[in-house]
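The values are calculated or read from the model by the stated rules, or taken from the named source; none is laboratory data. Please read these numbers as outputs of a predicted model, since none were measured by experiment. For neighbour counting, all protein chains shown are included, and Cβ atoms are generated from backbone atoms with ideal geometry for every residue, glycine included. For the accessible areas, the whole protein counts, side chains as well, though only heavy atoms, and no ligand, DNA or RNA atoms are used. Shrake-Rupley method; radii C 1.70, N 1.55, O 1.52, S 1.80 Å.
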Amino acid sequence: WAIDTLNPNAWPAAAEYLKLSEADFAVVQESKILEGQPVDEAEQATRSFGWTTAIRPCKATMKGGKSAGVAVAARSHIGMANTGFEDDCMDSNSKHRFTLKHIGAMRRGGFHLGSIYLVHSIGVKDKINQDLLHSAAGFLKNIAGPWIIGGDWNDTPQALQATGWLDLVGGVAHAPSEATCNGKVFDYFVVSKNFTHAVLDVGMVHDATFAPHSPVRLLMRAAPNTPRVRRVAAPKGFGAHLSAGPLR
């Protein structure tokens, strides 16, 4: 299974990427589509080239611009559903930058797939980003089963680890070895510890049609529930019965 995370800076570039991508799932940051008819039209348009998409609207700025917006997309033949309490758990500043959907594939019971976009130029330790991360953490504590979050974290995996957030949510960062944006690794995945055993590889997609971010692809094994661990088993008890044959 292949999952792409990408920040194309606007939805038209994301839609063009989905037309070309061979991935099974994709998570998008900076979709920049306002709530209402434009979101419905954008979601419907992706069906024509084989995707089911759920777009989280962006926020209108004081100067009339568009800020953030995230999305989760899956191939049309794969089921995708809401978690049921997304609007209730997210504050007004966070809901434009984080979304999570339940995907009915990959394993029995499915998994949750999310997209996150941290505020740029201030670092992951800034209060605004910490509020966003802790809002997402509260969200993750309310779901059952494994999860994967792809995002533009606007800081390195090492900086995210230093905040203690990965330990808080029980996640492991999976990032490419190459820089994904302006010489730094900002685009990567965080996978729940109970699902990280299924990760095969993570790397950049080098032939994307937008910049400065490069998409990142996470490869998951086809049957994540099949791995087994060898362990010592206690021997069974022996019954109090004499062996066959004549007594001494």
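Annotations
- 11 Å reach of a label modelled at GLN44, 7 Å along Cα-to-Cβ, counting backbone N of the stretch 19-38: 37-38
- DSSP bridge analysis restricted to the chain gives an antiparallel fraction near 80%, rounded to the nearest 5.
- Placing +1 on each Lys and Arg Cβ and -1 on each Asp and Glu Cβ, with no other charges, gives the stretch 1-54 a dipole about its Cα centre of roughly 80 debye.
- Between LYS184 and MET62, residue separation times 0.36 nm minus the direct Cα-Cα distance comes to 40.9 nm.
- Cα gyration tensor, the stretch 162-210 - rounded (a/c under 1.5), prolate or oblate: oblate
- Sorting 161-171, 71-81 by average packing, meaning the other beta carbons within 10 Å per residue, from highest down gives 71-81, 161-171.
- Relative contact order (percent, whole number), the chain, Cα cutoff 8 Å, 6+ residue spacing: 17 percent
- Take the Cα of ALA2, step 7 Å toward its Cβ, do the same at LYS19, and the gap between the two points is 1.8 nm.
- Between 0 and 90 degrees, the angle of helix 37-47 with respect to the longest Cα principal axis of the chain falls at about 50 degrees.
- Of GLY138, GLY114, GLY36, the residue with the greatest mean-square motion in the GNM of the chain, using alpha carbon springs below 10 Å, is GLY36.
- Restricting attention to the chain, lysine pairs at least eight places apart or on different chains and with alpha-carbon atoms under 15 angstrom apart total 8.
- Helix 11-20 vs. the chain, principal-axis angle (Cα, 0 to 90°, nearest 10): 50 degrees
- Estimated inter-spin distance, SER76 and ASP126, nm [label 7 Å along Cα→Cβ]: 4.1 nm
- Accessible surface computed residue by residue for the stretch 93-228, with neighbouring protein chains in place and a 1.4 Å probe, gives 42 Å² per residue.
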